[in-house]
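Report on one structure; see the data block that follows.
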Amino acid sequence: MGMIRTAASAVSAMAALAGSPAGALTLTSLDIRPNGPIAAAQIYPRCGGQNISPQLSWGGAPAGTKSLVLTMIDLDVKPALWSHWIVVDLPANAAGLALGVQTLPGKAKAVAGNFGDAAYDGPCPPAGTGVHRYQLTLWAMPTATTVIAPDARADAVAARLEHSALARASLTGWVKR
């Protein structure tokens, strides 16, 4: 099973790279297929999951990248979206995060998202609200540190990062409840 999963992920990663310009920032996962359903392992416990952060791999940070920021935002919460995971100050030379990561690399730290936890909080859409899309985005930053206030509005976080990032790469999965 592991070899099949690894081979399938490698094919997915190559397909994603094939559609990206050379040297473009990329973000892939062995646990989340692009535009596919998110597994119960990554779902928040209150919604029947195990709340294990997904494995993530990335590459292609542009010249001038001093750090990376990772966000996971529910795109279907109105009016201001909803942040499930924010990690700032990832080293520019980091290549990813392991499944269920407990210790972040370098000086990276988690910032409290909209659940109020400075940690991964998996998807958990309210019952009866249909499909929710969860977008993981890696932001290449021109500064070594990025300050984001705890429990900041997800739309404001995304807008700020969009304004200051050198590049970004996203991976979106979904959950229906």
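Bear in mind that the values in this text are calculations on the coordinates, not laboratory data. Just so we're clear, the structure is a prediction, and the values are computed from it rather than from any experiment. Every residue, glycine as well, gets a Cβ built from its backbone with ideal geometry; the counts of neighbours run over all protein chains shown.
Note that the stretch 85-164 carries a Kirkwood radius of 14.0 Å, evaluated over its alpha carbons pair by pair. The alpha carbons of the chain give a radius of gyration and a Dmax of 15.3, 45 Å, in that order.
Do the sum for the chain: with -39,500 (n - 2.57) for every DSSP H run of n ≥ 4, divided by all residues, what is the mean residue ellipticity at 222 nm, to the nearest 500 deg cm²/dmol?
On the way: 2 runs with 28 residues, N = 177.
So the calculated ellipticity at 222 nm is -5000 deg cm²/dmol.
Antiparallel DSSP bridges in the chain: what percent, to the nearest 5? Walk me through the intermediate numbers first.
Values: 33 of 35 bridges.
The antiparallel fraction comes to roughly 95 percent.
Computed about the Cα centre, the dipole magnitude for the stretch 27-177 is approximately 120 debye when only Lys and Arg (+1) and Asp and Glu (-1) carry charge, each at its Cβ.
Once C-alpha pairs closer than 8 Å and six or more residues apart are averaged by separation and normalised to the residue number of the stretch 91-174, the relative contact order reads 33 percent. Taking every alpha-carbon pair under 8 Å whose residues sit at least 6 apart, the chain reaches a relative contact order of 26 percent.
Listed by chain and number, the lysines whose alpha-carbon sits under 29 Å from that of residue 176, ignoring those within fewer than 8 places in the same chain, are 78. The residue among 92, 148, 108 whose Cα reaches farthest toward the positive pole of the charge dipole of the stretch 81-153, with charges on the beta-carbon of Lys, Arg, Asp and Glu, is 92.
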